[in-house]
1. Grab the beta carbon distance between Glu235 and Asp91, set R0 = 45 Å, and tell me the FRET efficiency rounded to 0.05.
2. Which pairs in the list Lys126/Lys178; Lys110/Lys320; Lys110/Lys292; Lys255/Lys320 are over 21 Å apart, alpha-carbon to alpha-carbon?
3. How large is ³J(HN,Hα), in whole Hz, for each residue of segment 283-288 in order, when computed from phi with the Karplus curve 6.51 cos²θ - 1.76 cosθ + 1.60 and θ = phi - 60°, using x for Gly and Pro?
4. Kindly rank 351-361, 159-169, 281-291, 58-68 from highest to lowest mean number of other beta carbons found within 10 Å of each residue.
5. Taking amide H positions as placed 1.01 Å from N in the peptide plane, with prolines and chain starts having none, which residues 5 or more places from Gly79, or on another chain, fall under 5 Å of its amide H?
6. Using Cβ contacts closer than 10 Å as the measure, can you line up His258, His109 from fewest to most?
7. What are the residues whose amide H is under 5 Å from the amide H of Glu273, where those residues sit 5 or more places off or on another chain and H is modelled from the backbone?
8. Just to check I understand the Karplus step: with θ = phi - 60° and J = 6.51 cos²θ - 1.76 cosθ + 1.60, what whole-Hz values come out for segment 220-235, glycine and proline as x?
Amino acid sequence: MSISRATVVYCSSLLDRLRDGDTLICGEGYIFELERRGYLSIGSYIPVVVLDHPHVVRTLHEEYVRAGTEIVEAITFFGDRSHLKLIGREDDLELLNRQALRIARGVAHKHGLLSAGGICSTMLYKPDDPSVVEKIRRMFKEQIEWAADEGVDLIIGETFFDFGEARLALECIQQYGKGSPAVITLSASPSGMTFDEVPLAEACARLEQLGAVVVGLNCIRGPATMLPLIKEVREACRGPIACLPAAFRTNDQMKAFHQLRDLKTGAISNPVELDPHIASRGEIREFSRQLKALGVQYMGLCCGARPYLIREMAEALGRKPPASEFAPDLSRLASKESSDFEWSTKQYMKHILGIEDPDLELATL
Ligand SMILES: [Zn+2]
């Protein structure tokens, strides 16, 4: 008996699924998407939406699940003590974290998927300042303890610019995460190095040796410029690797989406004029196939991700998530039932598409 992937209930743990050679999709980019929808600000990027409009967060998670994500990550990116202090809401810290974790876990478990807690680059790290390192350790500890307490299936440490901070995050997950598997990703910088000057592939290999279940790269680079770097990571690491680029059309001259320039004015597009640079559906589909061929077992999209792009990723892996019900389907346009529309169709072809002889064109379909 065959079981449809769309209906199967995933009960396996992250470790079991990776061991089985499965590929997991983790849709991210929540902060950018919630900003686009009007629920948080560019600049501070703090997810106050979790407290102020929790139903919006729940709905967004549901949309991602519908599109094919299998790991539902709590939206706690920059939901740490220092960032909340920045906007005078430090007192809301624990509530924001617990609420984000409960929403994510609720959606994940409703669909038989995996829920994840999340910590990220604090933007405070200074390699040679023990007091800062200790401060970050305390910040990681409290967020990890809340995540473990709320019963997540794994904890993600992501977007680290420094190897030292990534290693600290891993240590803290191992120490305070009550056995939660750790997924650690580094920011895919244009230089290919961490800020503390470790080549990214080497940094991933070292994190793997230190016990991270999955290591890899996320954000900063788009698919086109992420691909060569993730190949290096694949060669350097033995176990499962993660790849979650930003969903923007980066290139060899502008490897990071922060470097992209407006095609008309030449001005830097980040952070408010990035929409013209969003990767296309076809690019994400092809990129996902390439990742699969490389043996990347944990893939997703970061900043710029949208549910329809996650659906492309899922379909590229041969899956049919619920949102595939409404995937593009142009077949009806040429069906017999559409004969009522024939006249208008030909007019459209002639006047909008500029096709001189629509009858001839249709005959070749
Ligand atoms: Zn990102």
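Read the figures in this text as sums done on the coordinates, not as results from a lab. Source: prediction; values computed, not measured. Cβ placement follows ideal geometry from the backbone for every residue including glycine, while neighbour counts extend to all protein chains displayed.
1. Computed FRET efficiency for Glu235 and Asp91 comes out at 0.45.
2. Those over the limit are Lys126/Lys178; Lys110/Lys292; Lys255/Lys320.
3. 5, 5, 4, 5, 4, 4
4. Result, highest mean first: 159-169, 58-68, 281-291, 351-361.
5. Amide H neighbours of Gly79: none.
6. On the way: His258 18, His109 14.
Listing His258, His109 from fewest to most nearby Cβ atoms yields His109, His258.
7. Amide H to amide H, under 5 Å and 5 or more residues apart or across chains, Glu273 pairs with nothing.
8. The phi angles translate into 6, 8, x, x, 4, 9, 7, 4, x, 6, 6, 5, 5, 5, 4, 6 Hz.
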